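*Asks:* Below you'll find the structure I mean.
The values are calculated or read from the model by the stated rules, or taken from the named source; none is laboratory data. Predicted, not measured: the structure shown is a model, and the values here were computed from it. Quick reminder, even Gly has a Cβ in these numbers, built from the backbone with ideal geometry, and neighbours come from all protein chains shown.
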């Protein structure tokens, strides 16, 4: 609620009536009255308080939001450390409504082998790998402390890839290989932030009269699955909530896990390394504290509130303190969009 003072201002000063004055009455005649009982010029120059209310819910929500524009030539790609939160401040001038939070990433080639295949080294292998993109929004609006940020929204999406292969040889030295892969990934999103996972599988067999095959010989058997986990990607997070206008901190973390079993051909990777796109804040290291002659690389020296926080947690913490955040290298501010659409 807010109080606004309104004053009626006249340009010509008129003296107030005083004592007994003659005024008109309702019948067209005259009557006498005390000047202090009448509306006088000073009354029209007085202040009047008007109260009106405005809350964040009164401001219409947006169907599209980006924390900053990403101009051509200013794009940076950051290969983030695993299990590390990356924080960057945002300002939402309007309310944020349900939809999709989109981030742009790239991944190296995936579902690959790291060794040649030989008829004299038959065997099989199985690999399972998962990549989790975890995001969160934090706010100070619900905290009494100026240095504590509380989580107001969090989400994570996962990509799970299972890769298996078997190799067999013959007495003559001929070589046969079977290669198979399956991926589980977010495949559908609705306008309210709902998400559905889907799966895709691919397999095939390749034979050679020779006793060896190159490590890339069987890649084409699962090339569709490999494309789903490599190259330029739009990672989509369902945003099934609404938030009022205000200042927030966007946080992002990548987590990976993998397991391998089998007797041979376990070299190589299922999911390649990643990079997240954004804009470099500036090329500077830690800053010197007031009264210090050396730059510190300890928590609490972050550019408020921009920096990193390593963690062993698998999800977003309920809150974080600025004293926990470090700023040791020039960070990249994550670029993302909030879009109210479905696909």
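*Asks:* Every residue in region 134-162 that is at pLDDT below 90 and in contact with a helix residue (DSSP H, G or I) (Cβ under 9 Å, 6 or more places away or on another chain), please.
*Replies:* 146, 147, 148, 149
*Asks:* Just a yes or no: is a residue in region 149-170 in contact (Cβ under 8 Å) with a residue 60 or more places away in the chain, loosely packed, with under 15 Cβ neighbours inside 10 Å and within 30 Å of residue 67 (Cα to Cα)?
*Replies:* Taking every residue of region 149-170 in turn, none turns out to be in contact (Cβ under 8 Å) with a residue 60 or more places away in the chain, loosely packed, with under 15 Cβ neighbours inside 10 Å and within 30 Å of residue 67 (Cα to Cα).
*Asks:* Which residue is modelled with the highest pLDDT, if the candidates are limited to region 169-227 and must be under 17 Å from residue 114 (Cβ atoms) and within 30 Å of the chain's Cα centre (by Cα)?
*Replies:* Among residues in region 169-227 that are under 17 Å from residue 114 (Cβ atoms) and within 30 Å of the chain's Cα centre (by Cα), the one modelled with the highest pLDDT is 181.
*Asks:* Can you tell me which residues in region 57-88 are at positive phi and at pLDDT below 85?
*Replies:* Hit for region 57-88 is 73, nothing else.
*Asks:* On to the next question. Considering only strands (runs of 3 or more DSSP E) fully contained in region 141-224, which possess at least 2 residues that are more than 30 Å from residue 260 (Cβ to Cβ), assigned by TED's automatic domain parsing to the domain that holds residue 237 and touching a strand residue (DSSP E or B) at 6+ places or on another chain (Cβ under 8 Å)?
*Replies:* 148-169, 175-189
*Asks:* Look at residue 117 and say whether it is touching a helix residue (DSSP H, G or I) at 6+ places or on another chain (Cβ under 8 Å), in the same structural domain as residue 204 (by TED's automatic domain parsing) and crowded, with 16+ Cβ neighbours inside 10 Å.
*Replies:* So residue 117 fails the test.
*Asks:* In addition: Output yes when any residue across region 233-253 is at pLDDT below 85, crowded, with 16+ Cβ neighbours inside 10 Å and in contact with a strand residue (DSSP E or B) (Cβ under 6 Å, 6 or more places away or on another chain), and no when none is.
*Replies:* The answer is no, given that none of the residues of region 233-253 is at pLDDT below 85, crowded, with 16+ Cβ neighbours inside 10 Å and in contact with a strand residue (DSSP E or B) (Cβ under 6 Å, 6 or more places away or on another chain).
*Asks:* Name the residue, out of 188, 202, that is within 30 Å of residue 157 (Cβ to Cβ) and out of contact with any helix residue (DSSP H, G or I) (no Cβ under 7 Å at 6 or more places or on another chain).
*Replies:* So the residue among 188, 202 that is within 30 Å of residue 157 (Cβ to Cβ) and out of contact with any helix residue (DSSP H, G or I) (no Cβ under 7 Å at 6 or more places or on another chain) is 188.
*Asks:* Would you pick out the residues in region 254-274 that are surrounded by 17 or more Cβ atoms within 10 Å (Cβ to Cβ) and either assigned to a strand (DSSP E or B) or at pLDDT 90 or above (or both)?
*Replies:* Result: 254, 255, 274.
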